[in-house]
1. Summing Lys, Arg as +1 and Asp, Glu as -1, what charge do residues with Cβ under 12 Å from the Cβ of Lys68 carry, Lys68 excluded?
2. Any idea of Glu144's accessible area? Nearest 10 Å², probe 1.4 Å.
3. Roughly speaking, to the nearest percent, how much of the chain's 1.4 Å accessible area is carbon and sulfur?
4. Test of understanding: in a Gaussian network model of the chain with alpha carbons linked when under 10 Å, which of Pro95, Pro152, Pro120 would top the mean-square fluctuation ranking?
5. In Å², what does the accessible area per residue of region 1-91 work out to with a 1.4 Å probe?
6. Considering only the chain, what is the antiparallel percent among its DSSP beta bridges, to the nearest 5?
7. Output the relative contact order of the chain, whole-number percent, from Cα pairs under 8 angstrom with separation of 6+ residues.
8. With the crude spin-label approximation of a point 7 Å out along Cα→Cβ, what separation in nm comes out for Tyr123 versus Asn196?
Amino acid sequence: AAVSNSNIFRMLGLFLDGVKAANITNTIVVALDQATADWCKARGAPYYHRELKSLTGSTDNHATSGLKFQVLREFLTVGASVLLSDVDVVWMRNPFGGSRLVVPPSPSDPPGGRIHVDQPAIYGDSDVEGMTDGWDDVSAYGFEYTGQGGGPMRRLAARNSGLFYLAATKEALRMVTRLAQRMQTERNTWDQTAYN
């Protein structure tokens, strides 16, 4: 799922071109305004129209990005796991695995052309799977520390809120509900900061 408004049609077009080239067939754009819904419809892109406004009323990238948690909450509420991707992500392969055509077939290729099969990048073994903006092993992969009550905990320095997978669990739903509420009530909170 990608969340977009009419401010970024060029970027949204490049995103959808990449999704198509990577043979990702389970994609949807959440159109935040009528112009984006119309644009997606004209292009034949899967979408649903969901008018949402940021707390400040701004439609810039940061304000729009903060609306993603409300959208994710809607997916999880109906039991749908979801991979959220900002539209500035360029997809080179299907994260759920599958095949893609690497190069156009030539007459000398075996029947079916040159096909490359990708392995899944989503493990599906946790409530949240995501990427990090860490700059070294400790900040990227996290570090262990002793939590309250003496139990071992893991802390990550910089999770990236532009690309992550949520399993349809009560815990993931609780997280996005809390994040959506923060984005709706805290005027100067950036989605990346709230996510971390």
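The values are calculated or read from the model by the stated rules, or taken from the named source; none is laboratory data. None of the values given here were measured: they were computed from a predicted structure. Cβ sites come from the backbone with ideal geometry, for glycine too, and all protein chains shown count toward neighbours. What goes into the accessible areas is simple: the full protein's heavy atoms, side chains included, and nothing from ligands, DNA or RNA. Shrake-Rupley method; radii C 1.70, N 1.55, O 1.52, S 1.80 Å.
1. Summing Lys and Arg as +1 and Asp and Glu as -1 gives -1.
2. Solvent-accessible area, nearest 10 Å²: 130 Å².
3. Answer for the chain: carbon and sulfur cover 54 percent of the accessible area.
4. Among Pro95, Pro152, Pro120, the largest GNM mean-square fluctuation belongs to Pro152.
5. Value returned for region 1-91: 48 Å² of accessible area per residue.
6. 75
7. 22
8. About 2.3 nm, to one decimal.
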